[in-house]
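Report on one structure; see the data block that follows.
The values are calculated or read from the model by the stated rules, or taken from the named source; none is laboratory data. Model, not experiment: these values are computed from the prediction. Because the Cβ atoms are built from the backbone with ideal geometry, glycine has one as well, and the counts that use them run over all protein chains shown. All accessible areas refer to the heavy atoms of the entire protein, side chains included, with ligands and DNA or RNA removed. Shrake-Rupley method; radii C 1.70, N 1.55, O 1.52, S 1.80 Å.
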Amino acid sequence: MKKSHFLLGLLFFSIGAIQAQSYNNLWIPDTLSGTNFNLTIKDTFAQLTPGNQTITAGINGKFWGPTLFFNKGDTVHMNVLNKLNESTTLHWHGFHLPAVMDGGPHQLIPPGTIWKPYWKVTNNAATYWYHPHLHEMTEEQITKGIGGLIIVRDEVESALALPRTYGIDDIPLVLTDRDFNTQKQFVTVPYGDSMVVNGTLRAQYSVPGQVVRLRILNAAIERSYNIGFSDNRNFSIICSDGGLLNAPVSVNRYLLHAGERVEILVDFTGQTGQSFDLKAYNASLGNFVAGGENFPNGPFANYLGKKDFTMLHLNVTAQTAAPITAIPATLTSNVLLNAAEANITRILTLSDSTGVTNPPILGPNAFIINHKLFDIDHNEYQVPLGNTEIWEIRSTSGFGHPFHIHDVEFNILSINGAPPPAAQAGWKDVVFIPRQQTVRFIAKFDDYADIEHPFMYHCHISLHEDEGMMGQFVVTQPASSSLEAIKAENDIILFPNPASDRLFVSFSDPNMQAYYVRVTNTLGKSLYMLPEPQLSDGIDISLFPAGIYVLSITDQKSKKTFTRTFTKVRHNP
Ligand code: C2O
Ligand code: CU
Ligand code: CU
């Protein structure tokens, strides 16, 4: 297979240098803003290579999805419609929200179902993303192209003189790579042969001759990208995963691992008319960093392994009307968590399953956390609400793993005993654990206790995650007053019934509160999944075909589920 790629490459090359040197214009994802977001996930196809249609999946489009703009403090409502022929989930990576809204492996969205999570945005201004998280299917569904960026704005960031005109001087870059078969279809493998930026192969883009912000996401299945520019210039890191750094950090390389984001400022002032390449300097990566290996053959062999390669060709054009031409000296003053305030230190281990015989780990050479594979029914930790915790990740694995935790942004305390580099001394939700080293981070678990719904932690290399390098924890409330028994079933009334547009729910017991509502048709197909729905405006059933439906409602306190049927009738004009 790899050989035929190579021959095909030679063929194209021999057709003419023009073809070999041509660039495609970088696609910039559309934007959605406000507080209500409609996202439709569907199978589709896209022209990614000249003259070929590649089967893909996208959100509201042909590959990848729109960039969502949130304002800190707003409550955002998501309407996620799964039009795939299979189940999926959609996870809001980096967000602090209730576990039931998180979109992890437990919030399965069956085909044809609308999932309506909502939450108050408390995250700092930064670049986040959303992606599928269905256990054992994450690699495949991300490979098809499902995902999108989220840009949060807040008052602190807005007060700074930073580039923020989307697509002009504030440019989203989603880094990934793909493997194509001879029919130019995606192959689900950890490493692709072709660099893909925003769904574009051999991408080029025009940037104005001034300070430009690049919001970079590593959305690869496995590969890390050692980011730098072809003229070896310095650039300034201003934002890590979960917020601004105190001050810009000037570097000429930055190694970005799967799941991580970084925002950088690049000064193109006075360079109008020149061109530069944004490159991955992966030739210098160690053998145990994803992308630093050089496999001659086998499932991990790929063209980009242990090579320096161009990710994006940049052409510097004229300045815009009100250009940013200076990099601010300071950005914010983060109040980081203090190790002395930690309630507990949890020790997690990362290891290779090779040779693990007690208990035996099935499957070829998986990577594991705490000596076991992921079990969706097992909560490894109960974190008391309000705890400040140190998580110490000790790796004996022969390979480096980007470790990610849901629910919180954390501060790195140490990497192999040393304080984190300045560019990582802020808010993070992914941290690279180098092979056979220990990383400690600290996080505070505020707000969302829920014994029923766990949060995940895992390696963000989708292959490893799918193979079971994942665990889960619940945030628990200190024991409260005893659960009150739920009154008789006829305390829940749906009205009007039959209904045409909106269906209302009333509880005669004022202590009852809807925790989860699901609407299914008589065939058992679920149409709506409504976590902690706000029922005061009723449930919109206007688009349902006429017929009989089952509404099941789970009570917040008792977690008991009750079902009721209702009839949908066509609106009478
Ligand atoms: Cu971006 Cu649990 O993932
Ligand atoms: Cu996440
Ligand atoms: Cu891993």
Going residue by residue through the stretch 57-73, is there one that turns out to be farther than 24 Å from ILE28 by Cα and more than 16 Å from ligand 3 (Cβ to nearest atom)? yes
Restricted to the stretch 428-476 and to residues being among the aromatic types (Phe, Trp, Tyr) and within 18 Å of the chain's Cα centre (by Cα), the residue farthest from ligand 1 (Cβ to nearest atom) is PHE432
Counting only strands (runs of 3 or more DSSP E) entirely within the stretch 504-565, those with at least 3 residues that are within 23 Å of ASN85 (Cα to Cα), assigned by TED's automatic domain parsing to the domain that holds LYS83 and at pLDDT 85 or above are none
Picked from the stretch 115-144 (must be away from ligand 1 (no atom under 16 Å from the Cβ) and out of contact with any Ser or Thr (no Cβ under 9 Å at 6 or more places or on another chain)), the residue nearest to GLU155 (Cα to Cα) is THR122
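Considering each residue of the stretch 514-526, count those that are out of contact with any helix residue (DSSP H, G or I) (no Cβ under 9 Å at 6 or more places or on another chain) and either open to solvent by 30 Å² or more (accessible area, probe 1.4 Å) or of a type outside the set (A, V, I, L, M) (or both), and give that number. Walk me through it before giving the result.
Step one: filter the stretch 514-526 for residues out of contact with any helix residue (DSSP H, G or I) (no Cβ under 9 Å at 6 or more places or on another chain), giving 518-526.
The next check asks that each one be either open to solvent by 30 Å² or more (accessible area, probe 1.4 Å) or of a type outside the set (A, V, I, L, M) (or both); those that pass are 518, 520-526.
Result for the stretch 514-526: 8.
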Only one of HIS106, HIS93 is within 13 Å of ligand 1 (Cβ to nearest atom), within 19 Å of GLU260 (Cβ to Cβ), assigned by TED's automatic domain parsing to the domain that holds ALA258 and touching a residue at least 60 places away in the same chain (Cβ under 8 Å), namely HIS93
Subset of the stretch 465-479, residues near ligand 3 (Cβ under 10 Å from one of its atoms) and either of a type in the set (Lys, Arg) or modelled with pLDDT under 95 (or both), comes to GLU467
Picked from the stretch 176-193 (must be in a strand (DSSP E or B) and in contact with a His (Cβ under 9 Å, 6 or more places away or on another chain)), the residue surrounded by the most Cβ atoms within 10 Å (Cβ to Cβ) is ASP179
Residues in the stretch 140-168 that are more than 18 Å from ILE109 (Cβ to Cβ) and part of a helix (DSSP H, G or I) total 5
The condition from (1) closer than 18 Å to ALA258 by Cβ; (2) over 18 Å from the mean Cα position of the chain (by Cα) that GLY51 misses is numbered (1)
Among (1) buried (at least 22 other Cβ atoms within 10 Å of the Cβ); (2) in contact (Cβ under 8 Å) with a residue 60 or more places away in the chain, VAL212 falls short only on (2)
HIS135 meets each of (1) within 16 Å of ligand 3 (Cβ to nearest atom); (2) open to solvent by less than 30 Å² (accessible area, probe 1.4 Å); (3) not aromatic (Phe, Trp, Tyr) with one exception, condition (2)
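Looking only at the stretch 73-94, how many residues end up being assigned to a loop (DSSP other than H, G, I, E, B) and among the aliphatic types (A, V, I, L, M)?
2
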Checked THR67, THR54, THR49 against criteria (at pLDDT below 95, within 22 Å of MET311 (Cα to Cα) and open to solvent by less than 20 Å² (accessible area, probe 1.4 Å)); the one match is THR49
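Could you list all residues from the stretch 21-72 that are among the hydroxyl-bearing types (Ser, Thr, Tyr) and not in a strand (DSSP E or B)?
If the condition is that a residue be among the hydroxyl-bearing types (Ser, Thr, Tyr) and not in a strand (DSSP E or B), then SER22, TYR23, THR35 are the ones that fit.
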Going through the stretch 430-464 in order, the residues found to be within 16 Å of ligand 3 (Cβ to nearest atom) and among the aromatic types (Phe, Trp, Tyr) are PHE432, TYR457
Residue hits (the stretch 200-209; open to solvent by 10 Å² or more (accessible area, probe 1.4 Å) and outside any strand (DSSP E or B)) are ARG202
Note on the stretch 123-139: residues assigned to a strand (DSSP E or B) and more than 14 Å from ligand 2 (Cβ to nearest atom) are none
Heads up, the strands (runs of 3 or more DSSP E) in the stretch 368-469 (entirely inside) with at least 3 residues that are outside the structural domain of GLY286 (by TED's automatic domain parsing) and open to solvent by less than 50 Å² (accessible area, probe 1.4 Å) are 388-395, 401-405, 411-415, 430-433, 438-444, 455-459
Of the residues in the stretch 191-223 that are under 23 Å from the mean Cα position of the chain (by Cα) and hydroxyl-bearing (Ser, Thr, Tyr), the one that is farthest from PHE63 (Cα to Cα) is TYR191
